1. Using 23 Å as the Cα-Cα cut-off, could you pick out the over-long pairs in Lys37/Lys156; Lys92/Lys113; Lys31/Lys102?
2. Which FRET efficiency value, to the nearest 0.05, do you get for Thr40 and Asn159 by plugging their Cβ-Cβ distance into 1/(1 + (r/R0)^6) with R0 = 35 Å?
3. Show me 113-122, 10-19 ranked by packing, highest mean number of other Cβ atoms within 10 Å first.
4. Report the extension gain between Val140 and Lys102 in nm, rounded to one decimal, defined as 0.36 nm multiplied by the number of residues separating them, less their alpha carbon distance.
5. Of all DSSP beta bridges in the chain, what percent run antiparallel (nearest 5)?
6. Only loop residues by DSSP count here, and only those with at most 16 other Cβ atoms within 10 Å; note down the GluC sites (Glu not before Pro) in segment 125-162 that meet that.
7. Hey, how many Å between the Cα centroid of segment 73-112 and the Cα centroid of segment 1-35?
8. Which of the following values of semi-axes √(5λ) of the Cα gyration tensor in Å was calculated from the structure shown: (i) 33, 20, 13; (ii) 30, 16, 13; (iii) 23, 19, 16?
Amino acid sequence: MVADAYAEKHGADFQPWQNLGEYARISVSGKTVFLVKPMTYMNLSGQLVCALARFYKIPASHWLICFDDMSLNLGDIRLRAQGSAGGQKGMKNIIELSGTDKIARLRLGIGPKPERFDAADFVLSRFSKEQLPLLQKAVVKAAEALDLYLSEGLEKAMNRFN
């Protein structure tokens, strides 16, 4: 959702990439930016991310991975410079395939997970009508964080949005 919103804001269209997903290439703050949307199973997100990064010679130190996080309340966002996958299987795959956990990430809260839900069922469930406005605000906030990250760096974005 964040990639779609950011692409729309910049008038970009997504193109397919090796049957693994889609990407859009835009220019922001004088930088070439790739918005990447894996279309594999979430646990295999690293296949597209790493293949595209190898092709375009983009080091992991220049990546910002955006993903949902059920340990954060719905609508909250958090930026981090590096760390473990924190139970997020797509991020775990990206770390494994890239060989480093020194990858910046933007986590978008979708939690908390209700007790009665299995984690996999929860992340695959649809948002309720009541949750959608909060989710939309979070997507806008995440896009703003991405703008600040690209223009002034991760530390400034973390200071403002965390």
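Every number in this text was worked out from the coordinates using simple rules, so none of it is lab data. Here the structure is a predicted model, which is why all the values come from computation and not from measurement. A quick note on method: Cβ atoms are made from the backbone with ideal geometry, for glycine too, and the neighbour counts reach across all protein chains shown.
1. Lys37/Lys156
2. Values: r = 34 Å, r/R0 = 0.97.
So the FRET efficiency works out to roughly 0.55.
3. Values: 113-122: 10.3, 10-19: 12.1.
Order by mean packing, descending: 10-19, 113-122.
4. Answer, rounded to one decimal: 11.1 nm.
5. Approximately 70 percent, going by the DSSP bridge assignments.
6. Working: sites: Glu130, Glu144, Glu152, Glu155; in loops: Glu130.
Passing sites in segment 125-162 are Glu130.
7. 20
8. Correct label is (iii).
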